[in-house]
Amino acid sequence: MSHADLIEPLGAGEPTAEEFLTHARDEMRERASSRDSEGGERSMGRCIAAFNALYGKAIEERVDAGKPPLSETMGWEFMSVLKKARGASGAYRADDYTDDVAYAALAAECAGNGGDR
């Protein structure tokens, strides 16, 4: 079942919670077969380590200044780093790169519009 099948079931109305759970389980199983970890998708630890290495000091400075830890621009950048972490593991998935490009573009737009970097 594709994401489109889940979101727009033919004549079935809105998907149920159980259908979302089934779709999520199926996606996790499919990704497990294409990722480098026996348990499947487990890239979040690498993502957080990379993000903290890149932005840890800026996050500390924001907190010390009384700002929220992440700006909107940093949120988009986090998503880009997540896609990079996923792309670095296992088999090629075009989705990792397509989403990364989209998140980078959104970060650039946000930063250009004063996204409180």
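The values are calculated or read from the model by the stated rules, or taken from the named source; none is laboratory data. Predicted model, so just to flag it, every value in this text is computed and none were measured. Because the Cβ atoms are built from the backbone with ideal geometry, glycine has one as well, and the counts that use them run over all protein chains shown.
Some points to look at:
- Some residue of region 78-91 being of a type in the set (Ser, Thr, Tyr), under 24 Å from GLU30 (Cα atoms), under 14 Å from the mean Cα position of the chain (by Cα) and surrounded by 18 or more Cβ atoms within 10 Å (Cβ to Cβ): yes
- GLY56 vs. criteria assigned by TED's automatic domain parsing to the domain that holds ASP116 and touching a residue at least 40 places away in the same chain (Cβ under 8 Å): no
- For region 64-79, a residue qualifies if it is more than 16 Å from GLY115 (Cα to Cα) and in a helix (DSSP H, G or I), and exactly one does: ASP64.
- Selection from region 1-44 of residues that are in a helix (DSSP H, G or I) and either at pLDDT 85 or above or polar (S, T, N, Q) (or both): ALA17, GLU18, GLU19, PHE20, LEU21, THR22, HIS23, ALA24, ARG25, ASP26, MET44
- Only residues that are surrounded by 14 or more Cβ atoms within 10 Å (Cβ to Cβ) and among the hydroxyl-bearing types (Ser, Thr, Tyr) were counted across region 95-115, and they come to 2.
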